[in-house]
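The values are calculated or read from the model by the stated rules, or taken from the named source; none is laboratory data. Nothing here was measured: the structure is a model prediction, and the numbers come from that model. Counting neighbours? That spans all protein chains shown, and the Cβs are built from the backbone with ideal geometry, glycine included. Accessible surface areas use protein heavy atoms only, side chains included; no ligands, DNA or RNA. Shrake-Rupley method; radii C 1.70, N 1.55, O 1.52, S 1.80 Å.
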Amino acid sequence: QVQVVESGGGLVQPGGSLRLACEVSGNRVSSSVMGWYRQAPGAQRESVAAISSLGTTNYADSVKGRFTISRDNAKNTVYLQMNSLKPEDTAVYSCNLRRGSVSIWGQGTQVTVSS
């Protein structure tokens, strides 16, 4: 059974940093497309960043230059390093694993950017 578990959310001041982690069991992150998504209150879920099995990354325009997605194959974990955080980054961040027809979501982790 494939499981995806996020961690690392919390409360941070504007301009601060957080690193989210997405630990996967039952499948290899190196063989999958791994994505980070977020959903703010009253808004639709949006894609934030993704990394392909080949290591190709892409980002939403709103986070380019501030967020970095990476993976540690040995730990089977994907990370989202978030720098220069803004209040508008406040949302529930979720990790998604996609491989073929399989799509698995984690439970999400809350990120709140506020002074």
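Below is a table of values for the structure above.
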{"quantity": "Whole-number D in µm²/s for the range 1-110 (Stokes-Einstein; Kirkwood sum over Cα pairs; 37 °C, 0.692 mPa s)", "calculated": "237"}
{"quantity": "In sequence order, calculated HN-Hα J values of the range 81-94 (Karplus, 6.51, -1.76, 1.60; Hz; x Gly/Pro)", "calculated": "8, 10, 10, 6, 5, 10, x, 6, 7, 4, 4, 8, 9, 10"}
{"quantity": "Label-point separation in nm, Ala43 to Glu88, each point 7 Å along Cα→Cβ", "calculated": "0.8"}
{"quantity": "Stokes-Einstein diffusion coefficient of the range 21-84, Kirkwood radius over Cα pairs, 20 °C, 1.002 mPa s, in µm²/s", "calculated": "174"}
{"quantity": "Whole-percent carbon and sulfur share, accessible surface of the range 24-115, 1.4 Å", "calculated": "46"}
{"quantity": "Heavy-atom accessible area per residue - the range 46-109, 1.4 Å, Å²", "calculated": "50"}
{"quantity": "Under-5 Å amide H pairs with Phe67, H placed in peptide plane, nonlocal only", "calculated": "Asn83"}
